[in-house]
1. With respect to residue 82, is the statement that it is modelled with pLDDT of 90 or more, over 21 Å from residue 11 (Cβ atoms) and surrounded by fewer than 13 Cβ atoms within 10 Å (Cβ to Cβ) true?
2. Going by the structure shown, is residue 74 more than 19 Å from residue 8 (Cα to Cα) and within 15 Å of the chain's Cα centre (by Cα)?
């Protein structure tokens, strides 16, 4: 089995793309679904080992419920403090978990929210 992608809906496709670009991801492909009236944008890291599918329904202008129906995406990052500061400066919402070890021990983590409120966990990558 291989994980292919996770999908999340967005009301502001450009803002969502900019957010995931700040994480070092790039747009790998885009589909315009005229019958379904939606745009699908796949964001991938340079390694190309997974994708996040951003689904933008053209006729939707109110926010989607996301906090309860979806947990979070998690990313290993080499520079937790720098990544966290860069995302917050770019407009990511701080959700009450700035960089710190989980329960005071182990790898440091932080959480931010993307433009649609989807939580993103940043985990400080440590070798070994």
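The values are calculated or read from the model by the stated rules, or taken from the named source; none is laboratory data. Quantities reported herein were computed from a predicted structural model and do not represent experimental measurements. Because the Cβ atoms are built from the backbone with ideal geometry, glycine has one as well, and the counts that use them run over all protein chains shown.
1. Numbers: modelled with pLDDT of 90 or more: yes; over 21 Å from residue 11 (Cβ atoms): yes; surrounded by fewer than 13 Cβ atoms within 10 Å (Cβ to Cβ): yes.
Yes.
2. Details: more than 19 Å from residue 8 (Cα to Cα): no; within 15 Å of the chain's Cα centre (by Cα): yes.
So residue 74 fails the test.
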